[in-house]
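Throughout, read-outs are computed from the coordinates displayed, never taken from laboratory work. Because the structure is a prediction, the values reported are computed rather than measured. Neighbour counts run over all protein chains shown; Cβ positions are idealised from the backbone, glycine included.
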Amino acid sequence: MLIETMTTKFTFTEKKDTRSGFGAGLLEIGKQNANVVALCADLTESLKMDAFAKEFPDRFFQVGVAEANMIGIAAGLTIGGKIPFTGTFANFSTGRVYDQIRQSVAYSGKNVKICASHAGLTLGEDGATHQILEDIGLMKMLPGMTVINTCDFNQTKAATIAIAKHNGPVYLRFGRPSVPNFTPADQKFEIGKAIKLIEGTDVTIIATGHLVWKAIEAEAMLAQLGISVEVINIHTIKPLDEAAILKSIAKTKCVVTAEEHQMNGGLGDSVAQLLARHSPTPQEFVAVNDSFGESGTPDELMKKYGLDVSDIVSAVNKVVKRK
């Protein structure tokens, strides 16, 4: 598929799930660094950690359905110089074990990499109990916690490799569905560095995770309407690339944030706080509005809860009128 903008061509030849990008990155960093270890809470194949487990059986720990114990073990392993990567669904990686993360990891600054799959509505048919939409907010509120939400296979693989070299706790969020794989395979992932995908002058779209490709699709539609859109991929929600955001908004004078997360506590919330402090600007939010999800296909849920391309287009049309 090809999407061509005024300045940039975006193509993808295949769709791949971001959790497989994590598995590929984990295996690669395991080969590079003998201190990398992995722990999983009975979801090895779902998290694509099976290749690492097969290659490095003495560095892989299957803890069973005991997520709190997994976080405690991971924190302890850092004391011996290990770099533990924990893996389970996002709901169990955060909500179920928040106390252990706060007390044993964040409070003492332990070098634990909390890797979470099946985040957001695109978990689909498993329903609201598994579709956590609050995890970014939970994790970004913890002092010293780095929060990353990647957009495709290649970026997830690159991020997994990069966080192994970062000293400190990290929350890495990815998902189950196959999505367009459009970022470079050889990219260098820089924690806290936004990526400007499309240059524009009328409005800024700041997107993260699965909504990045939808933002690109929305830009192509808006260009046909004569609206010049700047699209920024914010893969690191904390630390936020404040300079890049402020520079873009100084030019466009309005912004739409797009994310597969609750409106409260997510990327849009962080951007709004930044603008309130430095440059009050009209902003619209494409996010879940104070609601739990439900069972359904990923596409059905994204449309019902206002996270589709048409919703981004609508938000842009609304915000440009507020300038």
Highest to lowest packing among 147-154, 246-253, 233-240, scored as the average C-beta count within 10 Å: 147-154, 233-240, 246-253
Förster-model FRET efficiency, 25 Å R0, residue 35 and residue 65, C-beta, rounded to 0.05: 0.40
Crossing angle, helix 267-278 versus the chain [Cα axis fit, 0-90 degrees, rounded to tens]: 60 degrees
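Reported to two decimal places, what Rg/Rh ratio describes region 282-323 when computed on Cα atoms with Rh from the Kirkwood expression?
That ratio is 1.05, to two decimals.
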Fluctuation leader among 122, 146, 183 - the chain, Gaussian network, Cα springs under 10 angstrom: 183
Angle in degrees between helix 153-164 and the longest Cα principal axis of the chain, rounded to the nearest 10: 50 degrees
For region 16-180, the fraction of alpha-carbon pairs in successive 10 Å shells from zero, as %: 12, 46, 37, 5, 0
The chain: most fluctuating residue of 117, 228, 20 per GNM, C-alpha cutoff 10 Å: 228
Sequence ranges 37-50, 273-286, 207-220, 64-77, ranked by mean other-Cβ count within 10 angstrom, highest first: 207-220, 37-50, 64-77, 273-286
Angle between the chain longest axis and helix 211-223 axis [Cα atoms, degrees, rounded to 10]: 10 degrees
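Expressed in whole Å with the largest first, what are the equivalent ellipsoid semi-axes of region 192-320 derived from the C-alpha gyration tensor as the square root of 5 times each eigenvalue?
21, 17, 13
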Residue among 305, 98, 107 with the largest mean-square fluctuation in a Gaussian network model of the chain, springs linking Cα atoms under 10 Å: 107
Mean ellipticity per residue at 222 nm, deg cm²/dmol - from DSSP H runs of n ≥ 4 across the chain, formula -39500 (n - 2.57): -10000 deg cm²/dmol
Hydrodynamic radius (Kirkwood) for the chain, which is based on Cα pairs only, to one decimal in Å: 19.6 Å
